[in-house]
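Data first, discussion second: the structure below is written as structure tokens.
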Amino acid sequence: MLRTNLTKIQNIVDQNGIIFLTYGGFLTQTLISGITEALEFEADHCELNSGFANNIFTIFIELAQNMMNYSRSLDENSTHPKTEGIIIVGKKTDSIF
């Protein structure tokens, strides 16, 4: 059920053309590192100011780690908690993400 809702949210925001990056699913430190690399690539591609880009990375990493550490849910078929959520980095204007 959660996967279906995450997919619906991703589809809605993708249709509005405001997404810089979106991910929904399990969170791990390795995944957060990989997404950070993808954000860095996208920032380079969009030629963002390095100070501005670093602010985005810092906020993203902090929020993603909080989600990983504190948003644990139980799977219907398991007693082991899972860390999952949805991360969306959107762009409103050239200087508001």
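Between PHE57 and LYS8, 0.36 nm times their residue separation minus their Cα-Cα distance comes to what?
15.1 nm
Taking a cut-off of 20 Å between Cα atoms, list the lysines near LYS8, but don't count ones fewer than 8 places away on the same chain.
Within the straight-line cut-off, LYS8 pairs with LYS91.
Since every read-out is calculated from the coordinates, none of them should be taken as a lab result. What you see is a predicted model, and the numbers here were worked out from it, not measured in a lab.
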